1. Amide H to amide H, which residues 5 or more places from residue 132 or on other chains are under 5 Å from it, using H placed in the peptide plane?
2. Working out 0.36 nm times the residue gap between residue 152 and residue 87, then minus their Cα-Cα distance, what length gain in nm do you get to one decimal?
3. Roughly how many nanometres apart are two label points built 7 Å out from the Cα toward the Cβ at residue 121 and residue 206?
4. Using Stokes-Einstein with the Kirkwood hydrodynamic radius over Cα pairs, what translational diffusion coefficient do you get for segment 37-187 at 10 °C and a viscosity of 1.306 mPa s, in µm²/s rounded to a whole number?
5. To one decimal place, what orientation-averaged projected area in nm² is obtained for the convex hull of the Cα set of the chain?
6. Extending each Cα 7 Å along its Cβ direction at residue 78 and residue 228, get the distance between those two points in nm, one decimal.
7. Provide 96, 137 ordered by accessible surface of protein heavy atoms (probe 1.4 Å), highest first.
8. Can you show me the helix-derived [θ] at 222 nm for the chain, built from DSSP H runs with n ≥ 4 at -39,500 (n - 2.57) apiece and divided by the number of residues, rounded to the nearest 500.
Amino acid sequence: MGKRRVVLSVAGLLAAILPLVALAQGGGFFGGGGRFGLLPNVPYDGRFTVARVRYQRSSSWSADYPTMEEHLSQMLQNITSIDTHLEGSNVHTLDDPELLKIPLVYLTEPGYWYPSELEVVGLREFIRKGGFIIVDDFHFQNEWAVFENAIRRVLPDGQIMPLNISNPIFNSFFQIDSLKVPYPGRLGEQGLMGEFSGIYEDNDPAKRLMVVINYNIDLGDYVEWSDRDIYSQLPTNEAYKFMINYVVYGLTH
(Lines give C-alpha, C1' and ligand atoms only; values in the text may rest on other atoms or scores of the structure.)
Protein backbone atom coordinates (compact mmCIF):
# COMPACT_ATOMS: atom_id res chain seq x y z
CA MET A 1 0.00 0.00 0.00
CA GLY A 2 1.51 3.35 -1.04
CA LYS A 3 1.90 6.30 1.26
CA ARG A 4 -0.87 8.35 -0.38
CA ARG A 5 -3.32 5.48 -0.23
CA VAL A 6 -2.54 4.90 3.46
CA VAL A 7 -3.19 8.55 4.27
CA LEU A 8 -6.50 8.54 2.45
CA SER A 9 -7.67 5.36 4.17
CA VAL A 10 -6.48 6.03 7.71
CA ALA A 11 -9.87 7.32 8.87
CA GLY A 12 -11.53 4.12 7.70
CA LEU A 13 -8.90 1.99 9.38
CA LEU A 14 -9.35 3.87 12.64
CA ALA A 15 -13.09 3.40 12.47
CA ALA A 16 -12.69 -0.33 11.83
CA ILE A 17 -9.83 -1.15 14.19
CA LEU A 18 -10.35 0.94 17.31
CA PRO A 19 -13.79 -0.38 18.26
CA LEU A 20 -12.18 -3.84 18.29
CA VAL A 21 -9.49 -2.51 20.61
CA ALA A 22 -12.15 -1.08 22.89
CA LEU A 23 -13.92 -4.44 23.06
CA ALA A 24 -10.67 -6.11 24.00
CA GLN A 25 -10.05 -3.78 26.90
CA GLY A 26 -12.43 -5.20 29.49
CA GLY A 27 -10.28 -5.10 32.63
CA GLY A 28 -7.26 -3.94 30.66
CA PHE A 29 -6.17 -4.80 27.11
CA PHE A 30 -2.73 -5.59 28.50
CA GLY A 31 -4.03 -8.03 31.08
CA GLY A 32 -5.32 -5.86 33.91
CA GLY A 33 -4.40 -2.73 35.76
CA GLY A 34 -6.27 0.49 36.41
CA ARG A 35 -5.88 3.68 34.43
CA PHE A 36 -2.97 4.78 36.61
CA GLY A 37 -1.81 1.34 37.70
CA LEU A 38 1.71 0.33 36.73
CA LEU A 39 1.62 -2.87 34.71
CA PRO A 40 4.61 -5.25 34.39
CA ASN A 41 7.04 -4.55 31.58
CA VAL A 42 7.02 -7.09 28.79
CA PRO A 43 10.16 -9.14 28.12
CA TYR A 44 12.11 -8.36 24.97
CA ASP A 45 11.26 -10.70 22.10
CA GLY A 46 12.38 -8.73 19.05
CA ARG A 47 9.14 -6.83 18.57
CA PHE A 48 8.86 -3.07 18.95
CA THR A 49 7.30 -2.10 22.27
CA VAL A 50 5.90 1.33 23.04
CA ALA A 51 7.78 2.69 26.06
CA ARG A 52 7.28 5.70 28.27
CA VAL A 53 9.26 7.54 30.94
CA ARG A 54 8.22 7.34 34.59
CA TYR A 55 9.64 10.32 36.41
CA GLN A 56 9.71 10.91 40.15
CA ARG A 57 7.91 13.50 42.33
CA SER A 58 4.69 13.36 40.30
CA SER A 59 2.25 10.81 38.88
CA SER A 60 1.68 12.98 35.79
CA TRP A 61 3.98 10.66 33.80
CA SER A 62 1.05 8.22 33.64
CA ALA A 63 -1.42 10.45 31.79
CA ASP A 64 -3.28 8.39 29.16
CA TYR A 65 -1.48 5.21 30.30
CA PRO A 66 -1.84 2.42 29.29
CA THR A 67 -4.66 3.06 26.79
CA MET A 68 -2.59 5.35 24.60
CA GLU A 69 0.01 2.58 24.24
CA GLU A 70 -2.69 0.02 23.47
CA HIS A 71 -4.18 2.07 20.65
CA LEU A 72 -0.86 3.21 19.20
CA SER A 73 0.50 -0.34 19.25
CA GLN A 74 -2.58 -1.63 17.42
CA MET A 75 -2.34 1.05 14.75
CA LEU A 76 1.40 0.52 14.24
CA GLN A 77 0.78 -3.18 13.77
CA ASN A 78 -2.06 -2.68 11.30
CA ILE A 79 -0.82 0.28 9.26
CA THR A 80 2.98 -0.09 9.19
CA SER A 81 5.36 -2.99 8.68
CA ILE A 82 6.67 -2.62 12.25
CA ASP A 83 6.23 -5.85 14.18
CA THR A 84 4.69 -4.39 17.32
CA HIS A 85 4.14 -5.96 20.72
CA LEU A 86 0.39 -5.95 21.39
CA GLU A 87 0.39 -7.71 24.76
CA GLY A 88 1.93 -4.93 26.79
CA SER A 89 4.10 -1.86 26.98
CA ASN A 90 7.15 -0.74 28.95
CA VAL A 91 7.68 1.95 31.56
CA HIS A 92 11.20 2.99 32.54
CA THR A 93 12.69 5.42 35.01
CA LEU A 94 15.36 7.63 33.52
CA ASP A 95 18.10 6.03 35.59
CA ASP A 96 17.05 2.49 34.59
CA PRO A 97 19.92 0.72 32.72
CA GLU A 98 17.25 -1.04 30.61
CA LEU A 99 16.45 2.34 29.09
CA LEU A 100 19.66 2.10 27.07
CA LYS A 101 18.35 -1.00 25.27
CA ILE A 102 15.41 0.72 23.59
CA PRO A 103 15.36 3.18 20.66
CA LEU A 104 12.75 5.72 21.74
CA VAL A 105 10.58 6.77 24.66
CA TYR A 106 7.52 8.90 25.31
CA LEU A 107 7.52 11.51 28.10
CA THR A 108 4.21 13.17 28.88
CA GLU A 109 3.22 16.22 30.96
CA PRO A 110 6.76 17.62 31.30
CA GLY A 111 5.30 20.65 33.05
CA TYR A 112 5.52 18.46 36.17
CA TRP A 113 8.92 16.94 35.44
CA TYR A 114 11.56 17.75 38.06
CA PRO A 115 14.33 15.22 37.40
CA SER A 116 16.88 14.22 39.99
CA GLU A 117 20.55 14.32 39.08
CA LEU A 118 20.51 10.57 38.42
CA GLU A 119 17.57 11.01 36.05
CA VAL A 120 19.32 13.89 34.28
CA VAL A 121 22.44 11.80 33.73
CA GLY A 122 20.38 8.77 32.64
CA LEU A 123 18.42 10.66 29.99
CA ARG A 124 21.54 12.42 28.74
CA GLU A 125 23.22 9.04 28.28
CA PHE A 126 20.15 7.64 26.53
CA ILE A 127 20.05 10.51 24.03
CA ARG A 128 23.79 10.51 23.40
CA LYS A 129 23.73 6.78 22.67
CA GLY A 130 21.20 7.39 19.91
CA GLY A 131 17.90 7.36 21.80
CA PHE A 132 14.98 9.50 20.65
CA ILE A 133 12.51 11.12 23.04
CA ILE A 134 8.97 12.31 22.32
CA VAL A 135 7.82 15.07 24.69
CA ASP A 136 4.06 15.65 24.75
CA ASP A 137 1.12 17.25 26.57
CA PHE A 138 1.89 20.58 28.14
CA HIS A 139 0.74 24.14 27.72
CA PHE A 140 0.95 27.56 29.39
CA GLN A 141 4.22 29.35 30.07
CA ASN A 142 4.67 28.00 33.60
CA GLU A 143 4.69 24.42 32.30
CA TRP A 144 7.07 25.36 29.49
CA ALA A 145 9.41 26.92 32.08
CA VAL A 146 9.48 23.69 34.12
CA PHE A 147 10.22 21.61 31.03
CA GLU A 148 12.85 23.99 29.68
CA ASN A 149 14.68 24.02 33.01
CA ALA A 150 14.69 20.20 33.08
CA ILE A 151 15.80 19.65 29.48
CA ARG A 152 18.56 22.27 29.80
CA ARG A 153 19.94 20.30 32.73
CA VAL A 154 19.95 17.22 30.49
CA LEU A 155 21.38 18.98 27.40
CA PRO A 156 23.01 22.21 28.61
CA ASP A 157 24.20 23.12 25.11
CA GLY A 158 21.06 22.00 23.31
CA GLN A 159 19.11 24.61 21.37
CA ILE A 160 15.34 24.25 21.14
CA MET A 161 14.47 25.03 17.53
CA PRO A 162 11.03 25.39 15.93
CA LEU A 163 10.11 22.70 13.41
CA ASN A 164 8.31 23.49 10.17
CA ILE A 165 6.28 21.30 7.87
CA SER A 166 9.31 20.54 5.66
CA ASN A 167 11.11 18.69 8.46
CA PRO A 168 11.71 15.01 7.54
CA ILE A 169 9.97 13.86 10.73
CA PHE A 170 6.67 15.04 9.28
CA ASN A 171 7.19 12.91 6.18
CA SER A 172 8.74 9.76 7.66
CA PHE A 173 5.62 7.67 7.01
CA PHE A 174 2.58 9.88 6.53
CA GLN A 175 2.81 13.09 4.53
CA ILE A 176 1.59 15.61 7.12
CA ASP A 177 0.16 18.65 5.35
CA SER A 178 -0.34 21.04 8.27
CA LEU A 179 0.97 21.56 11.78
CA LYS A 180 -2.26 23.28 12.82
CA VAL A 181 -3.71 20.73 15.21
CA PRO A 182 -5.90 22.00 18.08
CA TYR A 183 -5.37 21.10 21.70
CA PRO A 184 -8.00 18.50 22.65
CA GLY A 185 -11.26 19.80 24.06
CA ARG A 186 -12.16 23.27 25.27
CA LEU A 187 -8.73 24.88 24.84
CA GLY A 188 -8.55 23.76 21.24
CA GLU A 189 -12.07 25.02 20.60
CA GLN A 190 -10.88 28.38 21.93
CA GLY A 191 -8.04 28.43 19.40
CA LEU A 192 -5.05 26.84 21.16
CA MET A 193 -2.96 25.18 18.44
CA GLY A 194 -0.02 22.85 18.75
CA GLU A 195 3.55 24.12 18.39
CA PHE A 196 6.34 21.73 17.43
CA SER A 197 10.03 22.10 18.16
CA GLY A 198 13.07 19.94 18.70
CA ILE A 199 16.71 19.58 19.63
CA TYR A 200 19.20 18.33 17.04
CA GLU A 201 22.45 16.50 17.52
CA ASP A 202 25.19 19.16 17.75
CA ASN A 203 22.43 21.74 17.17
CA ASP A 204 22.75 20.96 13.47
CA PRO A 205 19.46 20.63 11.54
CA ALA A 206 21.31 18.48 9.01
CA LYS A 207 21.84 15.86 11.73
CA ARG A 208 19.34 13.70 13.59
CA LEU A 209 16.58 15.09 15.74
CA MET A 210 17.19 13.83 19.28
CA VAL A 211 14.12 15.33 20.97
CA VAL A 212 10.74 16.26 19.47
CA ILE A 213 8.62 18.61 21.58
CA ASN A 214 4.83 18.88 21.29
CA TYR A 215 3.77 22.08 23.05
CA ASN A 216 0.19 23.36 23.35
CA ILE A 217 -0.98 19.96 22.18
CA ASP A 218 -1.76 16.57 23.70
CA LEU A 219 -1.36 13.93 21.01
CA GLY A 220 -1.52 11.15 23.59
CA ASP A 221 -4.97 12.24 24.73
CA TYR A 222 -6.32 12.08 21.19
CA VAL A 223 -4.89 8.58 20.82
CA GLU A 224 -6.20 7.43 24.19
CA TRP A 225 -9.79 8.44 23.47
CA SER A 226 -9.82 7.54 19.78
CA ASP A 227 -12.24 4.65 20.32
CA ARG A 228 -14.81 6.92 21.96
CA ASP A 229 -16.90 9.86 20.80
CA ILE A 230 -14.82 12.38 22.76
CA TYR A 231 -12.93 14.32 20.09
CA SER A 232 -13.65 14.80 16.41
CA GLN A 233 -12.17 12.41 13.89
CA LEU A 234 -9.98 14.85 11.95
CA PRO A 235 -7.61 15.96 14.76
CA THR A 236 -7.64 12.41 16.15
CA ASN A 237 -6.43 11.07 12.80
CA GLU A 238 -3.79 13.78 12.66
CA ALA A 239 -2.57 12.83 16.14
CA TYR A 240 -2.05 9.25 14.95
CA LYS A 241 -0.13 10.48 11.93
CA PHE A 242 2.21 12.51 14.12
CA MET A 243 2.77 9.68 16.59
CA ILE A 244 3.34 7.04 13.92
CA ASN A 245 5.74 9.37 12.11
CA TYR A 246 7.64 9.89 15.35
CA VAL A 247 8.02 6.16 15.88
CA VAL A 248 9.18 5.55 12.32
CA TYR A 249 11.62 8.46 12.54
CA GLY A 250 13.00 7.27 15.89
CA LEU A 251 13.53 3.75 14.55
CA THR A 252 15.32 4.93 11.41
CA HIS A 253 17.54 7.78 12.66
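The values are calculated or read from the model by the stated rules, or taken from the named source; none is laboratory data. Please read all numbers here as calculations on a predicted model, not as lab measurements. Every residue, glycine among them, receives a Cβ derived from its backbone with ideal geometry; neighbour counts consider all protein chains shown. Protein only, heavy atoms only, side chains kept; ligands, DNA and RNA dropped before computing areas. Shrake-Rupley method; radii C 1.70, N 1.55, O 1.52, S 1.80 Å.
1. It is 104, 105, by chain and number.
2. On the way: separation 65, 0.36 × 65 = 23.40 nm, distance 3.54 nm.
Full extension of this stretch gives 19.9 nm more.
3. Modelled inter-label distance: 3.5 nm.
4. Numbers: Rh = 16.7 Å.
For the chosen part, D equals 95 µm²/s.
5. Numbers: hull surface 50.6 nm².
One quarter of the hull surface, i.e. the mean projection, equals 12.6 nm².
6. Reported label-point gap for residue 78 and residue 228 is 1.9 nm.
7. Numbers: 96 40, 137 10 Å².
Order by accessible area, largest first: 96, 137.
8. Working: 7 runs with 91 residues, N = 253.
Per the formula, -11500 deg cm²/dmol.
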